[in-house]
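See structure below.
The values are calculated or read from the model by the stated rules, or taken from the named source; none is laboratory data. The shown structure was predicted, so the numbers you read here are calculated from the model rather than taken from an experiment. Glycine also receives a Cβ, built like all others from the backbone with ideal geometry; neighbour counts cover every protein chain displayed. When the accessible area is computed, the model is the full protein with side chains, heavy atoms only, and any ligands, DNA or RNA have been set aside. Shrake-Rupley method; radii C 1.70, N 1.55, O 1.52, S 1.80 Å.
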Amino acid sequence: MQLAINVQIPKEADGVGGKVVYIDTEGSFMVERALQMANGCVAHLHSLSLSSLSSEYLDVDTYLSNIYYFRICNCTEQIAVVNHLEKFLEDHKEVKLIVIDSVTFHFRHNFEDMSSRTRILSSMGQKLMHISESHQLAVVLVNQVTTKFSGGISKLIPALGESWSHACTNRLILYWEDNQRFAYMYKSPSLPSVSAPFSVTQDGMCSVNYNKRQRV
């Protein structure tokens, strides 16, 4: 949800001024929470005092209306929406971000043929990669984790397996440590593997030294 708001930050404030396609497979998208984040973003933009900033970027309703929301109830709907994205984006060229939250949910259970699941996910990943490149936009896929036991030791691993993780260009892991939230860049062709602490406030995700000019 934070990304769905941040992608709309205008170019005058070093953003991209885009819109977002949000594919919700778990029913976890909360309009009230998105509204809080939009209010935080507007307050941040106000603090910059940019004379060239259009008034539409200071209206929280604009941020909500720029989120194209799809509620997905099963894997068939998820596949269908991904297949429809190409046509949708031809009519909505201002979209700069696609979020699937989560790509995992409908593929973790009720799949007896795991090879079929692998093929479907691979095809979905290739379509999304093509869309990202051809439309010059970002695709963010939220995965879940599961516990794997080996030699009496438990380990958290990606729910869809390591092979699916390799389909992503950048892989970011969010975790807790000593009551502090961290984001860890696990895999990237251009960024170092480092951790960064963050906090979650009413305004959204922020750096641990949050003030009006520091936002994630």
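Any chance you could count how many residues in the range 183-196 are under 18 Å from ILE157 (Cβ atoms) and either outside any strand (DSSP E or B) or of a type in the set (Phe, Trp, Tyr) (or both)?
Counting residues in the range 183-196 that are under 18 Å from ILE157 (Cβ atoms) and either outside any strand (DSSP E or B) or of a type in the set (Phe, Trp, Tyr) (or both) gives 3.
Mind checking whether some residue in the range 46-58 is under 18 Å from VAL140 (Cα atoms) and in contact (Cβ under 8 Å) with a residue 60 or more places away in the chain?
From the range 46-58, those under 18 Å from VAL140 (Cα atoms) are none; that's our starting set.
No, the conditions are met nowhere in the range 46-58.
Collect the residues in the range 74-88 that are without any contact (Cβ under 8 Å) to a residue 60 or more places away in the chain and open to solvent by less than 80 Å² (accessible area, probe 1.4 Å), keeping them in residue-number order.
From the range 74-88, those without any contact (Cβ under 8 Å) to a residue 60 or more places away in the chain are 74-84, 86-87; that's our starting set.
Result: ASN74, CYS75, GLU77, GLN78, ILE79, ALA80, VAL81, VAL82, GLU86.
Okay, residues lined up against (1) in contact with a Phe, Trp or Tyr (Cβ under 6 Å, 6 or more places away or on another chain); (2) hydroxyl-bearing (Ser, Thr, Tyr); (3) surrounded by 15 or more Cβ atoms within 10 Å (Cβ to Cβ):
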residue: ALA4; (1), (2), (3): yes, no, yes
residue: GLY15; (1), (2), (3): no, no, yes
residue: ALA43; (1), (2), (3): no, no, no
residue: ASN66; (1), (2), (3): no, no, yes
residue: HIS106; (1), (2), (3): no, no, yes
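Taking the conditions exactly as written (under 29 Å from MET129 (Cβ atoms), of a type outside the set (Lys, Arg), assigned to a helix (DSSP H, G or I) and open to solvent by less than 10 Å² (accessible area, probe 1.4 Å)), does GLN8 satisfy them or not?
Values: under 29 Å from MET129 (Cβ atoms): yes; of a type outside the set (Lys, Arg): yes; assigned to a helix (DSSP H, G or I): no; open to solvent by less than 10 Å² (accessible area, probe 1.4 Å): yes.
No, not satisfied.
Would it be correct to say that SER154 is in a helix (DSSP H, G or I) and among the small types (Gly, Ala, Ser)?
Working: in a helix (DSSP H, G or I): no; among the small types (Gly, Ala, Ser): yes.
For SER154, the condition - in a helix (DSSP H, G or I) and among the small types (Gly, Ala, Ser) - is not met.
Which condition number in (1) surrounded by fewer than 16 Cβ atoms within 10 Å (Cβ to Cβ); (2) among the hydroxyl-bearing types (Ser, Thr, Tyr); (3) in contact with a Ser or Thr (Cβ under 7 Å, 6 or more places away or on another chain) is the one that SER102 fails?
Answer for SER102: the failing condition is (1).
Results for (1) of a type in the set (A, V, I, L, M); (2) closer than 18 Å to MET1 by Cα, shown as yes or no for each residue.
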residue: ALA43; (1), (2): yes, yes
residue: LEU53; (1), (2): yes, no
residue: ASP61; (1), (2): no, yes
residue: CYS73; (1), (2): no, no
residue: ILE79; (1), (2): yes, no
residue: PHE88; (1), (2): no, no
residue: VAL99; (1), (2): yes, yes
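If I filter the range 114-131 down to residues being open to solvent by less than 80 Å² (accessible area, probe 1.4 Å) and without any contact (Cβ under 8 Å) to a residue 24 or more places away in the chain, which single residue comes out as nearest to LEU85 (Cα to Cα)?
My answer is SER123.
Only one of (1) touching a strand residue (DSSP E or B) at 6+ places or on another chain (Cβ under 7 Å); (2) within 20 Å of ASP101 (Cα to Cα); (3) open to solvent by less than 60 Å² (accessible area, probe 1.4 Å); (4) at pLDDT 90 or above is not met by SER165, so which one is it?
Of (1) touching a strand residue (DSSP E or B) at 6+ places or on another chain (Cβ under 7 Å); (2) within 20 Å of ASP101 (Cα to Cα); (3) open to solvent by less than 60 Å² (accessible area, probe 1.4 Å); (4) at pLDDT 90 or above, only one is false for SER165: (4).
When residues of the range 11-57 are filtered for being charged (D, E, K, R) and part of a helix (DSSP H, G or I), how many remain?
Residues of the range 11-57 charged (D, E, K, R): 11-12, 14, 19, 24, 26, 32-33, 56.
Pick out the ones that are also part of a helix (DSSP H, G or I) and you get 11-12, 32-33, 56.
Residues meeting the conditions: 5.
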